[in-house]
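First the structure, in the form of structure tokens, and then the observations on it.
The values are calculated or read from the model by the stated rules, or taken from the named source; none is laboratory data. All figures in this text were calculated on a predicted structure; none of them were measured in a lab. Here the Cβ positions follow ideal geometry from the backbone for every residue, glycine too, while neighbour counts run over all protein chains shown. Calculation scope for accessible area: heavy atoms of the full protein, side chains included, ligands and nucleic acids excluded. Shrake-Rupley method; radii C 1.70, N 1.55, O 1.52, S 1.80 Å.
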Amino acid sequence: MNGLSPIPATYDYRLVAASIVIAIFASYSALDLAGRVTAHRGRLRLAWLMGGALAMGHGIWAMHYIGMLAFRLPIPVYYHVPTVVLSLLAAVVASWVALYVVSREHMTPLHVAAGSVLMGAGIATMHYTGMAAMRLAAMHHYHRGLWILSVLLAIAISLVGLLLIAYFSDEARGWIVKLAISVTLGLAIPAMHYTGMAAVSFMATGVAPDVSRSVDISALAVSAILT
């Protein structure tokens, strides 16, 4: 890559674990919210759908940024706030698609297939828009094979997630069953994130980045947890 050498990156595995825990909580919330959306009709259903999409989307987004905080480069990293907000919007839209599909009275294979593609595309958009928000004295390069794999994983995980949420979202089902399926999804969702991170490499340029309307990654991740 133009004679530039990749910057060595490391992970804080405590924060990796924290991101997985957040993904599990987000998955459990999705199961609970899907049941509530399905149980209502009319304006109440719309309210639960919008509220559920915001809650579930924020959970996925928070997992992403805690994962980003776990990713350590030996140079300062900032995030462009407007682009970060766009990534949050992508996560909310992906969650809206998921809850809408699983709360339908009659869910056909076409609904599941279309929903998984749309949800997976939304999650991938959230991830790579978040990556585009990075401001640092380096340029990045994606390994094409791993990049494609991460997108396919997002769609496949969405497909499995929709099927599981649709089947296990019934409020009458025991919490142990919901917890088990939440752990399964909570382990699967970060797989896409960390595959996407494995696809990227950074090369130092020595050129100071434009950090206008940007914040430190630590402050952003803390905000993701607190909100």
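With respect to Arg45, determine if the residue is within 23 Å of Leu163 (Cα to Cα) and open to solvent by 50 Å² or more (accessible area, probe 1.4 Å). Break it down stepwise before answering.
Values: within 23 Å of Leu163 (Cα to Cα): yes; open to solvent by 50 Å² or more (accessible area, probe 1.4 Å): no.
Answer is no for this residue.
Determine which single condition Thr125 fails, assuming it passes every other condition in (1) open to solvent by 60 Å² or more (accessible area, probe 1.4 Å); (2) β-branched (Val, Ile, Thr); (3) farther than 14 Å from Ile60 by Cβ.
(3)
Would you be able to tell me the number of residues in region 189-211 that are open to solvent by 60 Å² or more (accessible area, probe 1.4 Å), modelled with pLDDT of 85 or more and among the small types (Gly, Ala, Ser)?
Here the count works out to 2.
Results for (1) in a helix (DSSP H, G or I); (2) open to solvent by 10 Å² or more (accessible area, probe 1.4 Å); (3) free of Cβ contacts under 8 Å to residues at least 12 places away in the same chain, shown as yes or no for each residue.
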site	(1), (2), (3)
Ala30	yes, no, no
Trp61	yes, yes, no
Leu69	yes, yes, no
Ile75	no, yes, no
Leu88	yes, yes, no
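Confirm whether Val222 is open to solvent by 50 Å² or more (accessible area, probe 1.4 Å), outside any helix (DSSP H, G or I) and either farther than 27 Å from Leu110 by Cβ or modelled with pLDDT under 90 (or both).
No, not satisfied.
Matching residues to (1) assigned to a helix (DSSP H, G or I); (2) touching a Phe, Trp or Tyr at 6+ places or on another chain (Cβ under 7 Å); (3) at pLDDT 80 or above; (4) under 30 Å from Ala138 (Cβ atoms):
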| position | (1), (2), (3), (4) |
| --- | --- |
| Ile20 | yes, no, yes, yes |
| Gly35 | yes, no, no, no |
| Thr38 | yes, no, no, no |
| Arg41 | no, no, no, no |
| Arg45 | yes, no, no, no |
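Name the pairs whose Cβ atoms lie under 8 Å apart, with the first residue in region 133-155 and closer than 16 Å to Val77 by Cα and modelled with pLDDT under 95, the second among the acidic types (Asp, Glu) and open to solvent by less than 40 Å² (accessible area, probe 1.4 Å), and 6 or more positions between them or separate chains?
As it stands, the answer is none, since no pair meets every condition given.
Residues are listed down the side, and each one gets a yes or a no for (1) under 24 Å from Pro190 (Cβ atoms); (2) in contact (Cβ under 8 Å) with a residue 24 or more places away in the chain:
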residue: Ala53; (1), (2): yes, yes
residue: His80; (1), (2): yes, yes
residue: Val85; (1), (2): yes, no
residue: Met107; (1), (2): no, yes
residue: Met126; (1), (2): yes, yes
residue: Met131; (1), (2): yes, yes
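Let me confirm something: among Val101, Val84, Val117, which residue is in a helix (DSSP H, G or I) and open to solvent by 70 Å² or more (accessible area, probe 1.4 Å)?
Of Val101, Val84, Val117, the one residue that is in a helix (DSSP H, G or I) and open to solvent by 70 Å² or more (accessible area, probe 1.4 Å) is Val117.
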